[in-house]
Amino acid sequence: MADSSVTGVTADDDRGMPAHSGEPLVVLEGVNKHFGELHVLQDINLTVHRGEVVVVIGPSGSGKSTLCRAINRLEPIDDGSITLDGQALPEEGKALARLRADVGMVFQSFNLFAHKTILENVTLGPIKVKKMKPKAAKELAMGLLERVGVANQADKLPAQLSGGQQQRVAIARALAMQPKVILFDEPTSALDPEMVNEVLDVMVALAKEGMTMVVVTHEMGFARKAADRVVFMSDGQIVESADPDTFFDHPTSNRAKDFLGKILTH
Amino acid sequence: MSDFLEVLSNYDILGAYWINLSLTFFAAIFSLIIGTILAMMRIAPVSSLRFAGTTYVTLVRNTPLTIIVVFAVLVLWPVLGVQFSETFSINFFWLAVVALSVYHASFMCEALRSGINTVPLGQAEAARAIGLPFLSAARLVILPQAFRGAVAPLGNTLIALVKNTTVAAAASVPEVSILMKEMLDQNGNYVLPIFLTIAAGFVIIVIPVGLAVTYLSQRLAVSR
C-alpha cells in the first residue's frame, strides 16, 4: 500500500494548492462507513471551503458517491464527524431536515417528483420548507428555470422532458433552496452523450459564480475546467488531493496513474 | 315466475342491500385512514413504529373476519364498554363497521405498501434532500404517488370489503345475507332463484367497482 500514507488528507495538507480564501464549510474528520463487510469509507478527512469546487473522481466502487451522500446524511456514517458551517450533522429528525435544506443535492437519476410539474418541483421546497409565499416562490422558480434554460417547460411533467432538461430542472430545484453547498452525485452519468454538455454548462456557470460544490463525476473535462481541487478516491480512501493541473499532469500515486491511464487513452 | 316476483316483493331487498352499501361506505373510509397510518408506520424511520405496524398487520390479517366481528359484539361492547348508541340496531351497525374497518385496514395497508414500492427510492431521497421532514415527504411526495400506484390492489380490497359486509350478519346487522336466510326459511320452494337473485345483486354492485378500478389505475398511473 504505497499510497496509504496520503489517505489522511486534511485542510492542512492541500499541497500545491492556491490557498483558498473561503473558510471551511464542509468538514469531514475520520469518517468511516461499512456496508456489511465492505469498508466503503476509510478514515476520510476532507475540508471543502466556501466557494470551492471540489471534484471527486475514482473508479466505481471507490466510495465517492457514498462520500457525497454522507455529507447530507442520506448515508449515515459509522464514526467520525461531519460538520456543515461549523455545525455537526444532527441525528434523523427536524434538525437534520433543516440542515439538509442548506445542502442542495443533484442525483444521477434526477429524481424529479414524478407527479408534480416542473414548476411545482422547484417551488415545493421554498413553499413547504422555507414557508415562502407561493407567488414569491413561483417568481423565484421561474427565474431559476429561465437561468437553466427550461422555463418554457414549466407546466410539463418530468417524464415529458429529456434527461438533460430534467437534470437542469433538478439543479434549479436545488438552487431554489439557496443552499450553502450543492452536492452533485454523478449528475451526467445517466444522460445521453449529446445532453451532457448542456448540464455541464450550467454547472460551470454555477462554479464561476462562486457556488460551493462537491461534484462526483467521470467528466474529466469538467474537472479541468471548473474544479479548484480534484480528490481522487480508490477503495474507500482519499488517495490524492490536488489542483486539477497537478493531478492530471503529475499524479503521484500508482492508483491514480493507473486510473487516468485507463480513462484518458480512449 | 310471477309467483316468485311476488315473493320478492314481500321483502325489502333493496333496503338490505342499502345496509351492505352503508357498511361498505363507512368501513372503506375508516379502513383506508387506518391503513394509511399503518403503512406510514411501516416505512417510518422509527423502529418501534415499524414494529407496531407490522404486528398489527400480522395479527389482524391472520384473524378470521367472523371472529373479529364476534369480538366486537361480545367483547368490545359488553366487556370493554364501547357503545355507539342506546339503540341496539344502531350500536350493532357501528360495531360491525369497527370490525370491518379494523380488519380491512391491514389489507389497505398492504395494498398501499405495494404502491409505496412502486415509488423509486430516489423520490424519497430527493424529498429529504430539499429538507422535508419524514411526514411532509410522505404526505407531499411518497403517498400521492403510492396511492396512484396502488389503485388496483386498493380496489381489490374494496371489492373484498363489499362482499365481506355480509359477515356483519354475525353482529345481527340486518343486511342482505340475513334477509336471504329469512327468505329461504320461509320459501323452501324457491331456494335456487332466491340465492341467484341475492348473488346477482352483488355482481351488479361489484362489476362497476371493478371497471372503475381498472380505468382509474390506468388513468392515474404516474409516468416516469
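The values are calculated or read from the model by the stated rules, or taken from the named source; none is laboratory data. Nothing here was measured: the structure is a model prediction, and the numbers come from that model. Quick reminder, even Gly has a Cβ in these numbers, built from the backbone with ideal geometry, and neighbours come from all protein chains shown. SASA here: full protein model, heavy atoms, side chains in, ligands and nucleic acids out. Shrake-Rupley method; radii C 1.70, N 1.55, O 1.52, S 1.80 Å.
Quick notes on this one:
- Unique match (being within 14 Å of chain A (Cβ to nearest Cβ), without any contact (Cβ under 8 Å) to a residue 24 or more places away in the chain and buried (at least 16 other Cβ atoms within 10 Å of the Cβ)) among B:Ala150, B:Ala126, B:Ala138: B:Ala126
- Output for segment A:48-80, where each listed residue is part of a strand (DSSP E or B) and either within 14 Å of chain B (Cβ to nearest Cβ) or open to solvent by less than 10 Å² (accessible area, probe 1.4 Å) (or both): A:Val48, A:Val53, A:Val54, A:Val55, A:Val56, A:Ile57
- Subset of segment B:1-60 that is under 17 Å from B:Lys181 (Cα atoms) and among the polar types (S, T, N, Q) - its residue that is most open to solvent (accessible area, probe 1.4 Å): B:Asn10
- For segment A:100-126, the set of residues classified as without any contact (Cβ under 8 Å) to a residue 60 or more places away in the chain and out of contact with any Asp or Glu (no Cβ under 9 Å at 6 or more places or on another chain) consists of A:Arg100, A:Ala114, A:His115, A:Lys116, A:Glu120, A:Asn121, A:Val122, A:Thr123, A:Leu124, A:Gly125, A:Pro126, listed by residue number.
- Among the residues of segment A:159-178, the ones that are touching a Pro at 6+ places or on another chain (Cβ under 8 Å), more than 18 Å from A:Asn72 (Cα to Cα) and at the interface with chain B (Cβ under 8 Å from one of its Cβ atoms) come to 0 in all.
- Among the residues making up segment B:1-55, those that are of a type in the set (S, T, N, Q) and within 30 Å of B:Gly188 (Cβ to Cβ) are B:Ser2, B:Ser9, B:Asn10, B:Asn20.
- Checking each residue in segment A:169-202 for being part of a helix (DSSP H, G or I), open to solvent by less than 30 Å² (accessible area, probe 1.4 Å) and over 16 Å from A:Val103 (Cα atoms) picks out A:Val169, A:Val196, A:Val199, A:Leu200, A:Val202.
- The residue list B:Val191, B:Val176 contains one member that is open to solvent by less than 40 Å² (accessible area, probe 1.4 Å) and either within 30 Å of B:Pro120 (Cα to Cα) or more than 14 Å from chain A (Cβ to nearest Cβ) (or both), which is B:Val176.
- All conditions but one from (1) in a helix (DSSP H, G or I); (2) out of contact with any Ser or Thr (no Cβ under 8 Å at 6 or more places or on another chain) apply to B:Gly131; the one that does not is (1).
- Residue count, segment B:194-204 (criterion: within 24 Å of the chain's Cα centre (by Cα) and buried (at least 16 other Cβ atoms within 10 Å of the Cβ)): 4
- Residues that are open to solvent by 60 Å² or more (accessible area, probe 1.4 Å), within 30 Å of B:Ala221 (Cα to Cα) and not in a loop (DSSP other than H, G, I, E, B) were ranked within segment A:81-131; the one that is farthest from the other protein chains (Cβ to nearest Cβ) is A:Glu120.
- Residue in segment A:13-25 that is at pLDDT below 90 and either under 16 Å from the mean Cα position of the chain (by Cα) or in a helix (DSSP H, G or I) (or both) present: yes
- Looking across segment A:99-125, not a single residue is at pLDDT 95 or above and over 23 Å from B:Pro120 (Cβ atoms).
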